[in-house]
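The values are calculated or read from the model by the stated rules, or taken from the named source; none is laboratory data. Computed from a prediction, not measured in an experiment: that's the story for all the values here. Note that we place each Cβ from the backbone using ideal geometry, even for glycine, and neighbour counts take in every protein chain shown.
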């Protein structure tokens, strides 16, 4: 009986070691693939690709605002299914509060132009990851992920319902799914993209760790890629 338990223990240890070696091999393989993705961009041999996108989104929950979006993304199409680039946008935010909201909050210490507004512009800066599902010869689907930060321009507060935005940095996340429709049979890089997206903006609410603001919205977009 003791020999049986002893043999079982040895087998368990061997299997554990083999599992560990297998996991290490997988991590090693992933690490080896990273340079193959980065090298085309560094060497200039990657396939350049660009996007320009316009959209509209509506906030959800207790916050009430609309976004009119315009952005561009420039990067490399590493293979038929994976794109990575960097992007810049302009988002015009429309709040549904009265124009005089917060007029009694003026504080001379903030400067004479400090106050509130109902329309403002935000500048998102992001890294863009796109995955194509299907070939480039016909209509196909895509999954897109934009991750970065967004800044509210100007020196005024903007009310969005139960909270407000200020000119600080906000975390920006914008995943989307949609359909890619080629527009040029001679150049499959050119296509129109129709998608739906989710937008997340979040930051500390007036630098208070106990009160954070999270802005969620759902929208539609139309893009052209080349």
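Details
- Among residues of segment 63-81, those that are in a strand (DSSP E or B) and surrounded by 15 or more Cβ atoms within 10 Å (Cβ to Cβ), counted: 12
- All conditions in (1) under 15 Å from residue 193 (Cβ atoms); (2) at pLDDT below 95; (3) surrounded by fewer than 18 Cβ atoms within 10 Å (Cβ to Cβ) hold for residue 113, with the sole exception of (1).
- Of the strands (runs of 3 or more DSSP E) lying entirely inside segment 137-226, those carrying at least 1 residues that are under 30 Å from residue 47 (Cα atoms) and modelled with pLDDT of 95 or more are 140-152, 169-182, 191-205, 208-225.
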